[in-house]
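Derivation of every value follows stated rules applied to the coordinates shown; laboratory data play no part. Remember, it's a predicted structure, so these values are computed and weren't measured experimentally. Here the Cβ positions follow ideal geometry from the backbone for every residue, glycine too, while neighbour counts run over all protein chains shown.
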Ligand SMILES: Nc1ncnc2c1ncn2[C@@H]1O[C@H](COP(=O)(O)OP(=O)(O)OP(=O)(O)O)[C@@H](O)[C@H]1O
Ligand SMILES: [Mg+2]
């Protein structure tokens with residue numbers, strides 16, 4: 001948690017291998033990702049990390065199923081296995097009957113669940129969620145959080161979430177506070 | 001893997017159909033122009049070479065006047081004569097020489113009219129020689145005999161049901177240039193329009209029908225005794241005619257053609273035409289290529305956010321490059337396919353139009369597989385070449401900047 005501009009998204013991007021720091025090291029599973037080349041960063045993103053964004057960020061031209069399946073395409077998974085896993089994941093997030101819908105045909109909550117399914121596609125160790133409930137009403141928001149909690153419990157995923165909502169933050173095992181790009185408190 | 005990327009790129013193009021088609025416009029105009037003009041040129045070359053080709057390489061043809069234009073389209077001021085034929089026949093290495101006349105005519109049957117080539121046949125031994133040389137033989141009815149009047153032997157495609165809406169059988173009556181005659185026989189189909197579209201008439205009959213003066217020939221067909229002597233015989237005919245017609249070397253008012261020389265003349269004309277075609281097509285293809293580049297840059301810009309998302313979910317530089325690269329390749333390839341289709345249709349239409357307006361079979365469509373495959377490969381290459389820069393731009397985008405991009 002932290003005020004706007006405190007560096008939450010920046011930290012997420014660094015952990016998520018989307019960006020590299022100008023100075024210092026970032027150790028992820030014992031590896032200094034700050035020293036990786038773009039191809040190495042892409043591989044880390046593809047295998048180790050799943051992103052969930054505030055704006056859902058689904059590909060508008062693709063169906064829910066295809067959206068969930070593409071991360072696997074970049075890892076070279078054959079198309080039958082991709083589609084099987086994608087529909088299984090969509091079933092898990094309660095969208096088994098919406099697989100062929102385009103993002104524009106889905107509600108915000110449904111889109112965010114597609115995004116969660118997509119984040120899980122390559123069975124990552126870490127899920128990074130930057131204000132995943134920011135564009136959802138509180139009922140939908142709670143549903144999403146319940147999903148993430150379940151993922152943590154059942155699938156043992158590490159979930160790192162940014163939120164401005166104190167009540168949602170209470171659901172977490174640890175809370176880290178940022179200010180001006182620095183960690184000021186860790187729970 | 002590639003198949004998956006192709007599918008993805010293809011679906012992106014499909015979601016922007018109109019723009020994709022507009023982008024391909026330049027490509028398909030260029031490809032269509034190349035395909036149709038080259039194919040017509042090839043058709044012309046084929047038409048000319050088949051006029052000679054089926055006659056065999058040992059045939060030499062002596063023409064007067066212009067070497068171009070349909071044979072028999074004009075009456076030369078100084079025509080070939082019976083004397084010329086006899087002189088040529090006596091030359092060393094000549095097996096046979098026969099004068100022939102050839103006129104484009106209108107044939108009417110069953111209330112329908114069609115163009116045909118009325119060809120004269122000499123009497124006697126030369127008739128046999130020519131029938132043998134060209135391979136004229138009757139599929140139905142009989143061939144002409146010396147002294148036959150108001151009788152004709154017609155080519156297979158003239159007898160065909162398609163031509164006059166009714167099949168012509170021996171004994172049928174038809175008219176040539178409005179004058180009635182009886183069909184004595186139908187020639188065996190040869191697959192060459194020169195034979196299949198011919199009307200054979202005895203020389204006297206032909207003269208009468210066409211109103212040609214006596215002792216004048218459009219051309220003399222000469223057969224060399226030996227294939228290896230063809231060029232030597234050609235040379236001695238030229239020497240003889242220069243003397244008889246009193247013209248200097250280089251100022252001949254006649255031409256002595258062999259199969260090889262006729263084709264090389266056509267090739268000379270076609271080279272000029274082809275350079276022009278390639279120039280026009282080249283310009284339109286470069287414009288088309290730049291169009292693809294422009295469209296791809298626009299697509300990269302519009303899909304910046306999408307690129308960011310794809311990178312966030314694990315797409316590497318190479319993957320993004322491939323996606324956009326393939327997309328421009330598909331644009332080129334599709335443009336090529338449509339261009340080839342348009343070119344083929346255009347060629348067939350132009351050839352048909354040419355035949356019906358000018359009434360000569362010189363307008364033909366000949367599609368070489370090499371040309372079609374080459375055009376396809378070239379258009380794909382064009383898409384790829386002009387797609388490199390936009391695809392690189394997409395691939396090199398910084399994921400965070402791309403994700404932050406608001407459309
Ligand atoms: N550790 C740091 N060192 C230098 N600059 C930083 C650091 N952390 C953040 N910044 C800069 O601060 C700005 C805002 O950061 P960021 O977008 O991460 O904020 P945020 O906490 O996500 O805010 P919001 O709640 O509005 O999303 C960015 O321009 C970023 O470059
Ligand atoms: Mg932020």
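Its relative contact order, with pairs defined as Cα atoms under 8 Å and 6+ residues apart, puts chain B at 28 percent. Shape annotation for chain A: C-alpha extents along the principal axes are 45, 39, 30 Å, from largest to smallest. Multiplying the residue separation of residue B:112 and residue B:260 by 0.36 nm and removing their Cα-Cα distance gives an extension gain of 49.5 nm. As a rough footprinting exposure proxy, the listed residues B:311, A:125, B:214 were ranked by other beta carbons within 10 Å of their own, and the order from fewest upward is B:214, A:125, B:311. Antiparallel as a % of all DSSP beta bridges within the stretch A:8-186, to the nearest 5? Beta bridges within the stretch A:8-186, antiparallel portion: roughly 40 percent. Judged by the mean number of other Cβ atoms found within 10 Å, the most tightly packed of the peptides B:315-324, B:164-173 leads the ranking B:315-324, B:164-173. Note on chain B: the C-alpha convex hull projects to 25.5 nm² when averaged across all orientations.
In plain terms, the chain from residue B:2 to residue B:92 could stretch by 25.5 nm, reckoned as 0.36 nm per residue minus the Cα-Cα distance.
Between A:42, A:117, A:86, the GNM of chain A built on Cα springs shorter than 10 angstrom shows A:42 fluctuating the most. What Kirkwood radius, in Å to one decimal, follows from the Cα pairs of the stretch B:255-405? The answer is 18.5 Å.
Mean residue ellipticity at 222 nm, helices only, the protein assembly as shown: -17000 deg cm²/dmol; runs of at least 4 DSSP H residues each add -39,500 (n - 2.57), and the sum is divided by the number of residues.
Against the empirical 2.2 N^0.38 Å (N residues), the protein assembly as shown has a Cα radius of gyration ratio of 1.59. Of all DSSP beta bridges confined to chain B, the antiparallel ones make up roughly 80%.
One decimal place: the segment residue B:249-residue B:182 gains 19.5 nm when fully extended, by the rule 0.36 nm per residue minus the C-alpha distance. The relative contact order of chain A comes to 27 percent, based on Cα pairs under 8 Å that sit 6 or more residues apart. One Cα centroid belongs to the stretch A:123-187, the other to the stretch B:281-314; the line between them spans 37 Å.
Remark: mean inter-chain Cβ contacts per residue of A:40-47 equal 4, using a 10 Å Cβ-Cβ cutoff to other protein chain atoms. Counting Cβ atoms of other protein chains within 10 Å of each residue's Cβ and taking the mean over peptide B:14-21 gives 1.
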